[in-house]
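S.K.: My questions all concern the structure below.
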Amino acid sequence: MELIRVGIIGMGMIGRVHLDALRRIPGVVVTALCDSSEEKLQTLQAAFGIKHVCTDWQELVNLPDVDAIHNCTPNHMHHQVNEAALRAGKMVFSEKPLGINPQETGEIARLAQETGLPAGVNFCYRYYPMVQWMKQLISQGEIGEVRAVHGHYLQDWLMFAEDFDWRVDSSIGGSLRALADIGSHWLDLAEYVTGLKVERVFGDVATIHPQRKNPSTGALVDVDTDDWATALLQFSGSVKGNFTVSQISGGHKNDFHIEVVGSKASLRWSQENPEFLLIGKRGGVNQLQYKEAELAPELFQEFSSFPSGHPEGYGDCVKNSIQNFYACAKDNRNDYPTFELGHRITQLTTAIAQSSKEETWVTCTF
Ligand SMILES: NC(=O)c1ccc[n+]([C@@H]2O[C@H](COP(=O)([O-])OP(=O)(O)OC[C@H]3O[C@@H](n4cnc5c(N)ncnc54)[C@H](O)[C@@H]3O)[C@@H](O)[C@H]2O)c1
């Protein structure tokens, strides 16, 4: 088997998750890492025996023994790194959001299409086994007709005005923060599990801390990115929806929750308890469905690495997301979150922000 040689750019939180994941996937090998921190690179090279390390991302993109680039850089670099990688003829697996505005994401989606190279976005939450199960139950009609989709994605790591990160700065993270950072995941999952498309949005987007203290300078800086957003959604078929995202909700760490309301039953799934799916019934006993290999053997072949009762978590869903991308690339299929989809999700988050500003419903004709 010919190994796909991978280079990862950006070795922060998610870059390390990609590295761990890639080391578990057959048929791929990590040959190069790039980060602006020399120290980080040396530690990783010594620990994992990586062939090339460099601080210049263009050098990594052009290495002849790299076939695929994983873009794990801060948001403002996504477009330039993805573009260079595609122009160098490399496959690209990019972190979300695909870019910092729809102009960037539209351009890069078109380039990916022109090159015909596999280009995916890491909307990883799709690849939890119970999310796959949820999708299957909906598509098989087990909950009847879908009537509503709702939920939230709440965090607390930016709760106080003293909390800071590059995401707070719109020149690095983009003008949308909570919406683009975590709302993008929620929107992708809602459309993915239901097979419906968001057609209209009404947003209420807020910056709760208009100033934050930058710990590296001690200075108070003006903040124009969102801490909070709520949106009403109308899906295809006039299906109702709503969701809230927040990075200031005490006690909510990575509280991604989604509910799909059907005419026969409803389904609830939560990222912090991902091995369970609640099947809610009227006039019957609610069912708390545990991940169960005997009931869904096909999902276990693709999206579950361990037997039932051996919990799988965030690292596993990223592993599944990357594994699915390379399996599709190998078979020339595009059954993964493509750059086109990444562009659509940025258009949706942008429409929610526009609606909030204009205080009106915005129709999503894309
Ligand atoms: N899919 C997910 O669930 C998920 C989770 C977390 C983050 N992300 C996305 O991943 C991206 C990175 O987020 P993070 O939390 O890992 O951030 P981070 O700050 O932890 O890591 C970013 C890394 O990029 C490096 N970097 C910055 N500029 C660079 C340059 N010019 N050249 C090379 N390296 C450079 C930094 O040194 C740092 O190590 C973001 O776009 C974020 O939205 C996705």
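Where a number appears in this text, it was derived from the coordinates with a stated rule and is not lab data. Treat the numbers as computed from the prediction; the structure is a model and nothing was measured. Heads up, the Cβs are rebuilt from the backbone with ideal geometry, glycines too, and the neighbour counts pull from every protein chain shown.
S.K.: Using the charge dipole of the stretch 201-285 (Lys, Arg: +1 at Cβ; Asp, Glu: -1 at Cβ; taken about the Cα centre), state which of G284, S263, A231 has its Cα farthest towards the positive end.
M.R.: Farthest towards the positive end: G284.
S.K.: Rounded, prolate or oblate: pick one for the stretch 59-160, where a ≥ b ≥ c are the square roots of the eigenvalues of its C-alpha gyration tensor, a/c under 1.5 means rounded, and failing that, prolate if a/b is larger than b/c, else oblate. Before the final figure, lay out each step's value.
M.R.: Details: a/c = 2.32, a/b = 1.68, b/c = 1.38.
It is prolate, given that a/c is not under 1.5 and a/b is the larger ratio.
S.K.: So if each residue of separation counts as 0.36 nm, and I subtract the Cα-Cα distance between K357 and A161, what length gain in nm does that give?
M.R.: Stretched fully, the K357-A161 segment lengthens by 68.2 nm.
S.K.: Further, regarding this structure: Using a 7 Å offset from the Cα along the Cα-to-Cβ direction at both V221 and E107, what is the distance between the two label points in nm, to one decimal?
M.R.: The two pseudo-label positions are separated by 2.3 nm.
S.K.: Would you mind putting 58-65, 257-264, 210-217, 74-81 in packing order, based on average other-beta-carbon counts within 10 Å, highest first?
M.R.: Working: 58-65: 15.9, 257-264: 18.6, 210-217: 12.4, 74-81: 20.4.
Most protected by this proxy first, the peptides run 74-81, 257-264, 58-65, 210-217.
S.K.: Could you give the Stokes-Einstein D for the stretch 1-44 in µm² per second, using the C-alpha Kirkwood radius, 25 °C, 0.890 mPa s?
M.R.: Result for D is 226 µm²/s.
S.K.: Using helices alone, what [θ] at 222 nm do you get for the chain, with -39,500 (n - 2.57) per DSSP H run of 4 or more residues, divided over all residues and rounded to the nearest 500?
M.R.: -10000 deg cm²/dmol, from helical runs alone.
S.K.: Another question about this same structure. Of all GluC sites (Glu not before Pro) in the stretch 109-148, which ones are in loop regions per DSSP and have a Cβ with at most 11 other Cβ atoms within 10 Å?
M.R.: Listed in order of number, the matching sites are E145.
S.K.: Next question. Determine by what factor the alpha-carbon radius of gyration of the stretch 4-124 differs from 2.2 N^0.38 Å, reporting the quotient.
M.R.: On the way: Rg = 13.3 Å, N = 121, 2.2 N^0.38 = 13.6 Å.
Expressed relative to 2.2 N^0.38 Å, the Cα Rg reads 0.98.
S.K.: Label point 7 Å out from E199 along Cα-to-Cβ: which residues of the stretch 349-366 have amide N under 17 Å?
M.R.: Within reach of a label on E199: 361-366.
S.K.: What ranking, highest mean first, results for peptides 95-107, 128-140 when packing means the other Cβ atoms within 10 Å averaged over each residue?
M.R.: On the way: 95-107: 22.0, 128-140: 20.0.
With the highest mean Cβ count within 10 Å placed first, the list reads 95-107, 128-140.
S.K.: Can you tally the net charge around V245? Count Lys and Arg as +1, Asp and Glu as -1, for every other residue whose Cβ sits under 12 Å from the Cβ of V245.
M.R.: That works out to -4.
S.K.: Express the relative contact order of the stretch 1-110 as a whole percentage, based on alpha carbon pairs under 8 Å and six or more residues apart in sequence.
M.R.: Reported relative contact order: 26 percent.
S.K.: Here is a follow-up. Please go through the stretch 210-297 and write out the chymotrypsin sites (Phe, Trp or Tyr not before Pro) that DSSP classes as loop and that have at most 14 other C-beta atoms within 10 Å.
M.R.: none
S.K.: Taking the number of other C-beta atoms within 10 Å as the exposure measure, put H52, H70 in order starting with the fewest.
M.R.: Lowest to highest Cβ neighbour count: H52, H70.
S.K.: Further question on the same structure: How long is the chain along each principal axis, judged by its Cα atoms, biggest number first, in Å?
M.R.: 61, 52, 40
S.K.: Related question: Kirkwood hydrodynamic radius, the stretch 137-180, all distinct C-alpha pairs: what's the number in Å?
M.R.: 13.8 Å
S.K.: Write out the chymotrypsin sites (Phe, Trp or Tyr not before Pro) in the stretch 137-174 meeting two conditions: DSSP loop, and at most 16 other Cβ atoms within 10 Å of their Cβ. All intermediate terms of the calculation are to be shown ahead of the outcome.
M.R.: Details: sites: Y153, W157, F160, F164, W166; in loops: W157, F160, F164.
Taking the stretch 137-174 and a limit of 16 other Cβ atoms within 10 Å, the loop chymotrypsin sites (Phe, Trp or Tyr not before Pro) found are W157, F160.
S.K.: Normalise the Debye intensity by I(0) for the stretch 98-235, one equal point scatterer per Cα, no solvent, then take log10 at q = 0.14, 0.20, 0.21 Å⁻¹ and round to two decimals.
M.R.: The calculated log intensity ratios at q = 0.14, 0.20, 0.21 Å⁻¹ are -0.83, -1.25, -1.30.
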